[in-house]
1. Pop the C-beta distance of residue 191 and residue 251 into the FRET formula with R0 = 45 Å and round what comes out to the nearest 0.05.
2. Net charge near residue 104: determine it from the other residues with C-beta under 15 Å of the C-beta of residue 104, scoring Lys and Arg +1 and Asp and Glu -1.
3. How far is it, in nm, from the label point at residue 273 to the one at residue 120 when both lie 7 Å from their Cα along the line to the Cβ?
4. Would you calculate the separation in nanometres between label points at residue 225 and residue 294, each defined as 7 Å from the Cα along the Cα-to-beta-carbon direction?
5. Can you check what the Kirkwood hydrodynamic radius comes to for segment 159-233, Cα pairs only, in Å to one decimal?
6. For the chain, modelled as a GNM with alpha-carbon contacts under 10 angstrom, which of 301, 38, 104 fluctuates the most?
7. Please grab the % of Cα pairs in segment 29-147 that end up more than 23 Å from each other.
8. Which translational diffusion coefficient, to the nearest whole µm²/s, is obtained for the chain from the Stokes-Einstein equation, given a Kirkwood hydrodynamic radius over C-alpha pairs, 10 °C and 1.306 mPa s?
Amino acid sequence: MSDLSSQDARPDLPADRQVVLSGVRPTGRLHLGNYFGAVKNWVELQDRYRCHYFLADWHALTTDYADTSQVGNNTLECAADLIAAGIDPERSVIFIQSMVPEHAELHLLLSMLVPLGWLERVPTYKDQIKQLENKDLETYGFLGYPALQTADILIYRANWVPVGEDQVAHLEISREITRRFNAYYGAVFPEPQPLLTPSSKVPGLDGRKMSKSYGNAINLTESPDEIRRKCMTMFTDPQRLRKSDPGRPDVCNLFRFHELVSTPELRERVDRECRGAIIGCVQDKKLLAEVLIDHLAPFRARRDELLHDPDTLWDILVAGSKQARERAAETMEQVRAAMKMDYRKQIESFGGGLAVGVN
Ligand code: SF4
């Protein structure tokens, strides 16, 4: 895993002026996999960079276009989750993608120059079509997802995109599109770099990767009773059938959660008592449930507080979207100028005498 401090996309800029960009598709509540896999790092990056985090509601439409009834509500809930998890609107720009229409304008321009073959070759494209076979994803928007993702990054001239090592390839198409744009029209955009951040892979209740679509997730907002119920269904060491069998924490799915949320003392105790056949799996499931409940309690309280006062939450999102839009508008000025499509300037050079309604 690379050390954050060893990477530098723009050595001429101090880190606090380098822009980090990331987003989350608001398709439901955040779960432990989202938190330990990404959001925890986003929180830490706020100490160092100019972070922009967005609710990617247009991206949610690439798969959920047929029923948009939940998108608005999910967006607000997801914003509350992020802020409760530690994204600080005083230090980061937190905003809603569709409230910054410049994303769409840049997406349109990029879509003119992105070869179809690049989009069709994205490994997740065919995989997702297969995995989500109950949805018709043979659409222009779904195929063009990487172009929209690139517009999201470039519109803020972002230097860094935080990714885990397994996601570096996903950023590569955005880097290719950036190079192609810059080759045609001049060096408008910095080439976004992957910011390799330490992240933890969180297994689901069933041992597969934690994912909403697998139905194996523990949400950050889960009630104590629900956490207890879900912990009881967790997969453990498959070879341990009785309490008297010595267990193997190193292969146990449940022990991965101890590694994420338990104190070193508790981890050490469970490890020892499991191997020594002193603690049983049911007992450990109950123990882990209480640790998780305590761990998530401050998060739940902060989130309830935020959703209790939606006006304040909206104020945060409107202010963040306004701030994001200012930078996005600056970028679009540069893009239009580079593409020789800045008609305002041309009209001014004619003395502003054209009978065209331009603001
Ligand atoms: S006691 Fe705990 S760590 Fe050991 S196998 Fe059972 S659930 Fe896993």
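The values are calculated or read from the model by the stated rules, or taken from the named source; none is laboratory data. Keep in mind that this is a model prediction, so the values were computed, not measured. For neighbour counting, all protein chains shown are included, and Cβ atoms are generated from backbone atoms with ideal geometry for every residue, glycine included. Surface accessibility is based on the protein's heavy atoms, side chains included, excluding ligands, DNA and RNA. Shrake-Rupley method; radii C 1.70, N 1.55, O 1.52, S 1.80 Å.
1. Rounded to the nearest 0.05, the efficiency is 0.60.
2. -2
3. 5.9
4. 2.3
5. Working: mean 1/r = 0.0648 Å⁻¹.
One decimal place: 15.4 Å for the Kirkwood radius.
6. Maximum among the listed residues: 301.
7. Details: 2987 of 7021 pairs.
The share of Cα pairs beyond 23 Å in segment 29-147 comes to 43 percent.
8. Estimated via Stokes-Einstein, D reaches 70 µm²/s.
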